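Since the structure comes first, as structure tokens, the remarks are kept for the end.
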Amino acid sequence: MARKKESSKGDIFQLLLESSEQRKKSKRKQLLESLNVKEFFEEGSISINERTCQGLECELCIKACPSKALYWRDGNVGIIEDLCVYCGACVLCCIVDDCVKVSRRRFDGKVESFSRPRAVVLLFNSINSQRRHSRVETLFPDDDAYLKRYRKLG
């Protein structure tokens, strides 16, 4: 009988944890909707290296953040994790390499991590080229479809 109580305790704690996570996701969704910001990533993390950050001099990451997750706090750049959508705008505009680090997981399970503007640009180029390639494949699934549409008559 003692085992039955222990297993039910585990279930209760699991239920509490799940309901807490659901409330957090709901709150996050409401916050982002109020800002008219779309969420593209299932989860992620962001960190700022305070030793290398020159936020007082530039504040570029704060200005670039579309969801206003970055703010000025006690001489440092602060982060509101609930608002961050892990878009990479802060990394892209940062004047110091490895100052802002973003890690994110897409809904398909792919994990991306970057902390330099060059890495963000390469990632965006890769994503855009994949989209262009899939679009061309939908328009022209094979060579005959292309030739049929663009063959010069003459």
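The values are calculated or read from the model by the stated rules, or taken from the named source; none is laboratory data. As the structure is a prediction and not an experimental result, all values here were calculated from the model. Note that we place each Cβ from the backbone using ideal geometry, even for glycine, and neighbour counts take in every protein chain shown.
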Quiz prompt | Residue selected from the stretch 60-83 under the condition out of contact with any Cys (no Cβ under 8 Å at 6 or more places or on another chain) and either in a loop (DSSP other than H, G, I, E, B) or among the small types (Gly, Ala, Ser) (or both), by the criterion surrounded by the most Cβ atoms within 10 Å (Cβ to Cβ) | solution = 83
Quiz item: Just checking, how many residues over the stretch 84-107 are closer than 23 Å to residue 30 by Cα and loosely packed, with under 14 Cβ neighbours inside 10 Å?
Solution: 1
Quiz item: Applying the selection to the stretch 50-93, what residues are in contact (Cβ under 8 Å) with a residue 40 or more places away in the chain and under 19 Å from the mean Cα position of the chain (by Cα)?
Solution: 82, 83, 84, 85, 86, 87, 90
Quiz item: Considering only the stretch 21-54, how many residues are of a type outside the set (Ser, Thr, Tyr), more than 17 Å from residue 92 (Cβ to Cβ) and outside any loop (DSSP other than H, G, I, E, B)?
Solution: 14
Practice problem: Please find, among 18, 57, the residue that is in a helix (DSSP H, G or I) and loosely packed, with under 10 Cβ neighbours inside 10 Å. | Solution: 57
Exercise. Confirm whether residue 57 is out of contact with any strand residue (DSSP E or B) (no Cβ under 7 Å at 6 or more places or on another chain) and either under 24 Å from residue 121 (Cβ atoms) or of a type outside the set (Lys, Arg) (or both).
Key: yes
Quiz item: Out of all the residues in the stretch 71-92, is one or more at pLDDT 90 or above, under 22 Å from residue 42 (Cα atoms) and among the charged types (D, E, K, R)?
Solution: no
Self-check item: Tally, over the stretch 22-42, of residues that are loosely packed, with under 15 Cβ neighbours inside 10 Å and either free of Cβ contacts under 8 Å to residues at least 40 places away in the same chain or under 12 Å from the mean Cα position of the chain (by Cα) (or both)
Solution: 12
Self-check item: Residue, surrounded by the most Cβ atoms within 10 Å (Cβ to Cβ), within the stretch 43-54, restricted to residues that are farther than 12 Å from residue 87 by Cα and touching a Lys or Arg at 6+ places or on another chain (Cβ under 9 Å)
Solution: 48
